[in-house]
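S.K.: Below is one structure. I have some questions about it.
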Amino acid sequence: MRAPFLYVFLATAVAASAQAKEWSHYGGDAGGTRFAAAEEITPQNVSRLARVWTARTGHLSASANALDRSKFQATPILVDGRLLLCTPFNVMIALDPGTGRELWQYDLKLATDDIDPANGFNCRGVTHWRDLRAAPESPCAARVLMGTNDHRLIAVDAKDGTPCGGFGANGVVAVDPEMDLRWPGEFQITSPPVIAGDVVVVGSAIGDNARVEAPRGTVRAFDVRTGAPKWAFDPIPRDTRTAAVQDWRGAAVPVEGHANVWAAMSVDEARGLVFLPTSSPSPDFFGGLRPGDNRYANSVVALEAATGKVRWAFQTVHHDVWDYDLPAQPMLATIAKDGAPRDVVIQLTKMGLVFVLDRETGAPVFAVEERPVPQAGAEGETLSPTQPFPVAPAPLARSTIKPSDAWGITPFDKGACEKRIAGARAEGLYTPPTEGGTILFPFTGGGVNWGGGAYDPASNRLYVNVNNALHLIALIPRAKVPEKVGEDEYGEDVEFARMRGAPYAMTRQVLLSPLGLPCNPPPWGQLHAIDMDSGAIAWTSTLGTTEDLAPLGLALQTGTPNVGGPLVTSGGVVFIGAAMDRYLRAFDAQSGRELWQGRLPAGGQATPMSYTWEGRQYVVIAAGGHSELNTPRGDYVLAFAVRRPGDRAAPWHSVLDQPGRRFSSMLLGAVLAVGLLGFALWRRRAAR
């Protein structure tokens, strides 16, 4: 049902503003709504989309070691006739929006062989700023800014990519981690800076679980013209008085690090506010040394952009020991609620919970309840007895599992998963980590991750993709941790973290069957639409197939783990890559029906964007793969548009509902199931 006239009028005004900006920010606009006013592509003609140009960034020339740790998560922006983006190795590139032809390139020559980035080589986007005091054609009157894997802030001229000499040292500001790093790459800047007035603000990505006394999660602001420091905000208090106010109850002033802002921030220019999604204090899985709720960590924090002063804060997880930091850009939307427009902050979380907050005060717009959660954590732990749960919307991801819920493609597979689930503690959301092993559901990749969501002001709907997977977390008492830990000390595909300074180390693994499939039942990836007036889920669709994961290209409709976000257009189409099967997909925004797939040459773990250029709507996505999902690497930027006479490029994959393809998948599925069943029976007989 479409919104009433008042809301349609409001939506039209918002859309007109967006049309003028044409995806000028990483999230489409400064509030990250990922809404494109372009309306040429509709559910009726989306089946005619074709690849119309392809650009290559050249970053595949990096060393094999660097490529193995790279993630191409960039979303381009379009400003002044240039598509602007960055590669995982911090090369800034400007492309022609109609052809993909490179206009300029800036390469800071990142020393990829000298650093080991904790979060992989990554650059999600760049930021554009225009100096209204300067003559339009003067050097760096318009500039592009980028954070780097070696914690620098770069500014170049938007016209030609030359460094802005008046910014820092020849266009470079070194961001000080404020302490010695244990290794080069422990401290990075991976999300795009944000700009409010004359201030540019950056967060940081910090290596998890290495130590208690880790680099601080300080958010820093600089003069956007000169690079001079303006203010700094550390979410963790460093004196007794503020520690008490923020509910840090330790005997001493906190020495913990992190609570950093690694995801994208948002800006309300009219209110002069910057919105931060903060993370958990160090280390992630033990908090006994930091009793209390640890406020400003795991929080949406609204800062005054000019001063860095806290206007308000809302904590989504008290005393986090689950790595449930805020992964997504706080979305600034004007929703239709209870008969009137309402300026809100929509915060999506790894738990699959959606918090909707008043933008002026931080008060919940949909009620939030403090509910009891599992207790009896590890020795020395100080858990919060309750956690905040929104009454609406309903959780977008599952959080409970029993041994009988175990899933497998064969009885052997299912039985192995059932045994592993039965052997761990699993009491639902916020079950604390233990020595015997605890299941985190959703796992630490979400629910929702950094891709966030998209909001359509005309339909008043929010679109969000989620993961459904399990992590098995185990704490290891310090006395039982060997001095040297080999790669397979705790088992294949098990992550070990020493957590120096804490009484425990930690292991973490995704809970998979012997055949490498998730132990929880599918769907493993989903796309949701939410009505933002009632909070009701309007529809849910499965996201992704096993086509690029299973033998013989078997395309089971299970959904897959996914990384990257959606975009919604004025034409009524939701576009998303994210899944592990190398497709850009289009869904009907009204019904959730999947309408089209565009084949990608590499993993599409990036958020797409859309714009109109010279009368034609384009949908653009970076396809370069993801080190942790192990999707195929590439250096592609691809543009799709409605096919026209004279277009040379054909679609890389035709629309869905091909009987031949579906029959082939069914046949292959039957053959594979019979083969796996035979294998399981043979294994059982051999075991006897």
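The values are calculated or read from the model by the stated rules, or taken from the named source; none is laboratory data. Because the structure is a prediction, the values reported are computed rather than measured. FYI the Cβ positions are ideal-geometry reconstructions off the backbone, even for glycines, and counts take in every protein chain you see.
S.K.: What number of residues within region 431-448 satisfy the criterion of being over 18 Å from residue 354 (Cβ atoms) and in contact (Cβ under 8 Å) with a residue 40 or more places away in the chain?
M.R.: So the count comes out to 9.
S.K.: Also, quick follow-up: From 280, 299, which residue is touching a residue at least 12 places away in the same chain (Cβ under 8 Å), out of contact with any Leu (no Cβ under 8 Å at 6 or more places or on another chain) and within 20 Å of residue 450 (Cα to Cα)?
M.R.: Of 280, 299, the one residue that is touching a residue at least 12 places away in the same chain (Cβ under 8 Å), out of contact with any Leu (no Cβ under 8 Å at 6 or more places or on another chain) and within 20 Å of residue 450 (Cα to Cα) is 280.
S.K.: On the given criteria, is residue 190 part of a loop (DSSP other than H, G, I, E, B) and in contact with a strand residue (DSSP E or B) (Cβ under 8 Å, 6 or more places away or on another chain)?
M.R.: Against the criterion (part of a loop (DSSP other than H, G, I, E, B) and in contact with a strand residue (DSSP E or B) (Cβ under 8 Å, 6 or more places away or on another chain)), residue 190 qualifies.
S.K.: Would you please name the residue that is surrounded by the fewest Cβ atoms within 10 Å (Cβ to Cβ), looking only at residues in region 384-421 that are farther than 30 Å from residue 290 by Cβ and under 24 Å from the mean Cα position of the chain (by Cα)?
M.R.: Result: 394.
S.K.: Would you mind finding the one in 525, 452, 445, 516 that is farther than 30 Å from residue 27 by Cα and among the small types (Gly, Ala, Ser)?
M.R.: Just a single option satisfies the conditions, and that option is 516.
S.K.: Under 8 Å by Cβ, and 6 or more places apart or on different chains, what pairs join a residue from region 76-100 that is in contact (Cβ under 8 Å) with a residue 12 or more places away in the chain and of a type in the set (Lys, Arg) with one that is in a strand (DSSP E or B) and buried (at least 21 other Cβ atoms within 10 Å of the Cβ)?
M.R.: Final answer for the pair search is 82/94; 82/95.
S.K.: Here is a follow-up. Keeping to region 600-625, report how many residues are surrounded by fewer than 24 Cβ atoms within 10 Å (Cβ to Cβ) and over 29 Å from residue 81 (Cβ atoms).
M.R.: Adding up the residues that qualify gives 0.
S.K.: So, in region 424-482, of the ones that are hydroxyl-bearing (Ser, Thr, Tyr), in a strand (DSSP E or B) and more than 21 Å from the chain's Cα centre (by Cα), which residue ends up surrounded by the fewest Cβ atoms within 10 Å (Cβ to Cβ)?
M.R.: Only one residue tops the list, namely 434.
S.K.: Scan 259, 251 and give me the residue that is modelled with pLDDT under 95 and hydrophobic (A, V, I, L, M, F, W, C).
M.R.: Result: 251 is the single residue among 259, 251 that is modelled with pLDDT under 95 and hydrophobic (A, V, I, L, M, F, W, C).
S.K.: Right, next: Just to be sure before I move on: is residue 547 without any contact (Cβ under 8 Å) to a residue 24 or more places away in the chain and among the charged types (D, E, K, R) in the structure I sent?
M.R.: No: the conditions fail for residue 547.
S.K.: Now a separate question. Would you say residue 89 is in contact with a helix residue (DSSP H, G or I) (Cβ under 7 Å, 6 or more places away or on another chain), closer than 25 Å to residue 189 by Cβ and either modelled with pLDDT of 95 or more or surrounded by fewer than 21 Cβ atoms within 10 Å (Cβ to Cβ) (or both)?
M.R.: yes
S.K.: When you go through 312, 322 one by one, which is the residue that is touching a residue at least 24 places away in the same chain (Cβ under 8 Å), touching a Leu at 6+ places or on another chain (Cβ under 9 Å) and farther than 19 Å from residue 270 by Cβ?
M.R.: 322
S.K.: Another one. Output the residue which, of all residues in region 561-604 that are hydrophobic (A, V, I, L, M, F, W, C) and assigned to a loop (DSSP other than H, G, I, E, B), is farthest from residue 67 (Cα to Cα).
M.R.: Per the criteria, the residue is 589.
S.K.: Another one. Filter region 518-546 down to the residues that are farther than 28 Å from residue 336 by Cβ and buried (at least 21 other Cβ atoms within 10 Å of the Cβ) and list them by number.
M.R.: Result: 518, 519, 520, 524, 525, 544, 545, 546.
S.K.: Another question, if that's okay. Pick from 245, 212, 199, 224: which is over 27 Å from the mean Cα position of the chain (by Cα) and farther than 20 Å from residue 328 by Cα?
M.R.: Exactly one residue qualifies, and that residue is 245.
S.K.: All but one of (1) over 30 Å from residue 622 (Cβ atoms); (2) surrounded by 18 or more Cβ atoms within 10 Å (Cβ to Cβ); (3) of a type outside the set (D, E, K, R) hold for residue 501, so report the exception by its number.
M.R.: (2)
S.K.: When region 354-383 is examined, which residues are found to be of a type outside the set (S, T, N, Q), part of a loop (DSSP other than H, G, I, E, B) and surrounded by 15 or more Cβ atoms within 10 Å (Cβ to Cβ)?
M.R.: Across region 354-383, the qualifying residues are 359, 360, 362, 365, 366, 373, 374, 377, 378, 381, 383.
S.K.: Moving to a separate point now. Check residue 229 against each of (1) in contact with a strand residue (DSSP E or B) (Cβ under 8 Å, 6 or more places away or on another chain); (2) within 18 Å of residue 147 (Cβ to Cβ); (3) touching a residue at least 40 places away in the same chain (Cβ under 8 Å) and name the one condition it does not meet.
M.R.: In the conditions (1) in contact with a strand residue (DSSP E or B) (Cβ under 8 Å, 6 or more places away or on another chain); (2) within 18 Å of residue 147 (Cβ to Cβ); (3) touching a residue at least 40 places away in the same chain (Cβ under 8 Å), residue 229 misses (3) alone.
S.K.: What are the residue pairs meeting all of these: first residue in region 43-69, first residue β-branched (Val, Ile, Thr), second residue at pLDDT below 95, Cβ atoms under 7 Å, and 6 or more apart or on different chains?
M.R.: The qualifying pairs are 52/647; 52/649.
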